[in-house]
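Before any comments, here is the structure.
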Amino acid sequence: MRLSPSDFSVRKKNNQKITMVTCYDYTFACLINDSGVDCVLVGDSCADVVYGAETTISATVSMMAAHTRAVHRGLPDKFLIGDMPFLSCRQGRNYGVRAAGRLIAAGADAVKIEGADGTTDFIACLVQSGIPVMGHLGLTPQFYHAFGGYKIQGRSDDAAAKLTADAKNLQQAGCFAVVAECVPAETAQSMAAAIDIPLIGIGAGAAVDGQVLVLHDLLGLTAFRPKFVRHYLDGAELVKKAVNAYCADTENGMFPAAEESFTR
């Protein structure tokens, strides 16, 4: 069943875990559409995964709209969330609303916004305008420079309390779910218990309402493997073997075969 924003809280109430993966292109979208995944995020991580950037900061609204449009074409049966990129929520309400509108027009069912400080009024505005919003707390990659790198958040008592308060504020602003990234399992558990909407973790332990991973990470297509990633496939090795087999067959005159060639 294709989820709607209201279904997320129902899933939490019924103790049904939510699964989410990232996707950036049509080909993978078609494959994910036939999987058991509940929802898909067109993440600004495309700046890293697709374009080779060191952070997500270089993602733009135009980039996110283009990738959202491509994924939407191959994903008719899944709930689709588009990331609001760096500073798109910080250049005035009119700019932010137009940016969110572009992602929705490109096929997103909702947008995701990082952070709580300075965003709750804008989130409420989007929700009141008919745009569902997913929040994002903890290690928010767009705050890479402010954090001094990718660092675990919420380890101290005060930091954990702040994250829990932020989760409550995001719920109050109208978010239908919140992502918690790279926070201690105990902190994430407290956050999840404090709100009625799902807390979806990435590097946040098992005591949350769902999990999200970057597709390329779980498929083992990248060398990037932080503590919280599990490779469900050695995709990189499989791809290299396939390409090398093609090269060998071509060099040995075994490709193309007669059945792969045209005749007059």
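Structure notes:
- Cα gyration tensor shape for region 32-106, rounded if a/c is under 1.5, else prolate or oblate: oblate
- Residue-count net charge about residue 129 - beta-carbon cut-off 15 Å; Lys, Arg +1, Asp, Glu -1: +1
- Per-residue HN-Hα couplings for region 112-126 [Karplus 6.51, -1.76, 1.60; θ = phi - 60°; Hz; x = Gly/Pro]: 10, 10, 7, x, 10, 4, x, 10, 5, 5, 5, 4, 4, 4, 5
- Listed residue (187, 8, 94) projecting farthest to the positive dipole end of the chain, Cβ model: 94
- Taken per residue, the accessible surface of the chain reaches 51 Å², heavy atoms only and a 1.4 Å probe.
- In the chain, the longest principal axis of the Cα atoms and the axis of helix 157-173 are about 90 degrees apart.
- DSSP-loop chymotrypsin sites (Phe, Trp or Tyr not before Pro) across region 147-240, with at most 11 other Cβ within 10 angstrom: 224, 232
- Here region 74-231 is treated as a Stokes sphere of Kirkwood radius computed over C-alpha pairs; at 4 °C and 1.567 mPa s its diffusion coefficient rounds to 81 µm²/s.
- Reference-scaled alpha-carbon Rg (2.2 N^0.38 Å with N residues) for region 191-264: 1.90
- In this simple spin-label model, placing a label point 7 Å from the Cα along the Cα-to-Cβ direction at both residue 121 and residue 60 gives a separation of 2.9 nm.
- Against the main long axis of the alpha-carbon atoms of the chain, helix 235-251 sits at an angle near 20°.
- The residues packed around residue 141, meaning those with a beta-carbon under 13 Å from its beta-carbon, carry a net charge of -4 if Lys and Arg are +1 and Asp and Glu are -1.
- Shape of region 48-152, Cα gyration tensor, a/c cut at 1.5: oblate
- Tensor-based shape of the chain (alpha-carbon gyration tensor, a/c under 1.5 rounded, otherwise prolate or oblate): prolate
- Calculated FRET efficiency, residue 261 to residue 1, Cβ-Cβ distance, R0 = 41 Å: about 0.35 to the nearest 0.05.
The values are calculated or read from the model by the stated rules, or taken from the named source; none is laboratory data. What you are looking at is a predicted structure, and each value in this text was computed from that prediction instead of being measured. All Cβ positions, even for glycine, are placed from backbone atoms using ideal geometry, and neighbour counts span all protein chains on display. Accessible surface areas use protein heavy atoms only, side chains included; no ligands, DNA or RNA. Shrake-Rupley method; radii C 1.70, N 1.55, O 1.52, S 1.80 Å.
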